[in-house]
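Take a look at the structure below.
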Amino acid sequence: MVFLSAPQKNCPICNPPLRKARAQNSARRPHARQTSIVNATYPKFLVALMAIAIIVLDCALVFVGSHEIASRLDHAEETLRRAVDTLTDELDTEFDLFSRTLSGIGEVIAIQGGISRLDEQTAHRLLVRRNAITRNLRSIILVQPNGDLAAHSISFPTPRINVADRDYFRAQVDTFDQGLYIGQPVESRFDRA
């Protein structure tokens, strides 16, 4: 089924004189078509311009952000370097103090003729005095060659404890001239600390 309708008055297809009139009007106004072309490209131009502006702004933000991150990383690195230097200096000072304390104890024991010739009370007093001037040492012990405690800076009389199985004792017995030995943390047999 086909429906036919009456020709429309304003339709340029159905009304040839209207089509001719519109063609003549557009011929008289040549800029009318250009305006519509410009109007059609104007939003595209704005969109392209906005896209370029957004890209430039993003690039600027990335540049500024990366510069800020680099600056903060440099500052953090410098702060850490200073902290490490400070800690290294403090550790050097402490280890030097420990070394001088232990050397002083060794000199006194050598003058007395060794641990076996040193009476327990004199050894205890020596350790108490040396421990008092070495603030970061919790205690000092003297150990006989068989591993038995000869003196303790915290306790008198000396508790009967053997440390022959401990790493710090074996390291010094095996190589006496090794110097300061720092081993793994262990539980004290004296006070379980």
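The values are calculated or read from the model by the stated rules, or taken from the named source; none is laboratory data. Because the structure is a prediction, the values reported are computed rather than measured. For neighbour counting, all protein chains shown are included, and Cβ atoms are generated from backbone atoms with ideal geometry for every residue, glycine included. With ligands, DNA and RNA removed, areas are computed over all heavy atoms of the protein, side chains included. Shrake-Rupley method; radii C 1.70, N 1.55, O 1.52, S 1.80 Å.
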(message) Exactly one of these conditions fails for THR122: (1) open to solvent by 90 Å² or more (accessible area, probe 1.4 Å); (2) not in a loop (DSSP other than H, G, I, E, B). Give me its number.
(response) (1)
(message) Can you list residue pairs whose Cβ atoms sit under 6 Å apart, with the first residue in the range 150-168 being under 14 Å from ASP191 (Cα atoms) and the second being of a type in the set (A, V, I, L, M) and assigned to a loop (DSSP other than H, G, I, E, B)? Count only pairs 6 or more apart in sequence or on different chains.
(response) SER153/ILE140
(request) Look through the range 146-159, keep the residues that are among the polar types (S, T, N, Q) and open to solvent by less than 60 Å² (accessible area, probe 1.4 Å), and return whichever of them is nearest to ASN131 (Cα to Cα). (result) SER153
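Go through the range 37-96 and report how many residues are within 30 Å of ASN131 (Cα to Cα) and small (Gly, Ala, Ser).
Step one: of the range 37-96, the residues within 30 Å of ASN131 (Cα to Cα) are 83-96.
Cutting the leftovers down to small (Gly, Ala, Ser) gives us 83.
Of the residues in that region, 1 qualify.
Only one residue in ILE111, ILE105 is in a helix (DSSP H, G or I), over 38 Å from the mean Cα position of the chain (by Cα) and surrounded by fewer than 10 Cβ atoms within 10 Å (Cβ to Cβ), so which one is that? If you could, list the steps in order and put the result at the bottom.
On the way: ILE105 fails: surrounded by fewer than 10 Cβ atoms within 10 Å (Cβ to Cβ).
It is ILE111.
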(message) Of all residues being among the acidic types (Asp, Glu) and modelled with pLDDT under 75 in the range 160-193, which is surrounded by the most Cβ atoms within 10 Å (Cβ to Cβ)? Just the residue, please.
(response) ASP191
(message) Only one of ARG82, ARG130 is open to solvent by 60 Å² or more (accessible area, probe 1.4 Å), touching a residue at least 12 places away in the same chain (Cβ under 8 Å) and of a type outside the set (A, V, I, L, M, F, W, C). Can you tell me which?
(response) ARG130
